[in-house]
1. State the Kirkwood hydrodynamic radius of the chain in Å, one decimal place, computed from all pairs of distinct Cα atoms.
2. State in Å² the accessible area per residue of the chain; use a 1.4 Å probe, count heavy atoms of protein chains only, and round to the nearest integer.
3. Considering only protein heavy atoms, what is the solvent-accessible area of residue 39 at a probe of 1.4 Å, reported in Å² to the nearest 10?
4. Please list the non-local residues whose amide H lies under 5 Å from the amide H of residue 19, H modeled 1.01 Å from N, same-chain partners needing a gap of 5 or more.
5. Once label points are set 7 Å from the Cα along Cα→Cβ at both residue 58 and residue 36, what is their separation, rounded to one decimal in nm?
6. Using a 7 Å offset from Cα along Cα-Cβ at residue 24, what residues in the stretch 38-64 end up with backbone N under 16 Å from the label point?
7. Give me the percent of the accessible area of the chain that comes from carbon and sulfur atoms, probe 1.4 Å, all protein chains in place.
Amino acid sequence: AQQSVVTLQVFDIMGKHITTIEQDVFEDGGNEVNWDASTVNPGIYFLQMRTDNFTATKRISVIN
C-alpha cells in the first residue's frame, strides 16, 4: 500500500455511472469513506475503486 489518488464510483446493473463517491489522495494504511445511498433505488450496484495501477469492482446491494 502507498499514498495514491483513489477514485470510487458506483454503477448500476446496466453499467450506467450513478455517482462518484470520492476522488482524492488516500494515505498509506486504512481509509474510510461513507456513501449516503438514500438517493438511489434499492437494487444491485457495482462499486469500483481505481488507482493509477489497480482496479477492483465489488457488487453491493442497496436495501430500504
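1. So the Kirkwood estimate lands at 12.6 Å.
2. Value returned for the chain: 76 Å² of accessible area per residue.
3. Looks like 120 Å² after rounding.
4. So residue 19 has HN proximity to 10.
5. 2.2
6. Output list for this probe position: 50.
7. 46
The values are calculated or read from the model by the stated rules, or taken from the named source; none is laboratory data. Keep in mind that this is a model prediction, so the values were computed, not measured. When we count neighbours, we look across all protein chains shown, and the Cβ atoms used for this are built from the backbone with ideal geometry, even at glycine. Side chains are part of the model used for accessible areas, which takes the heavy atoms of the whole protein and leaves out ligands, DNA and RNA. Shrake-Rupley method; radii C 1.70, N 1.55, O 1.52, S 1.80 Å.
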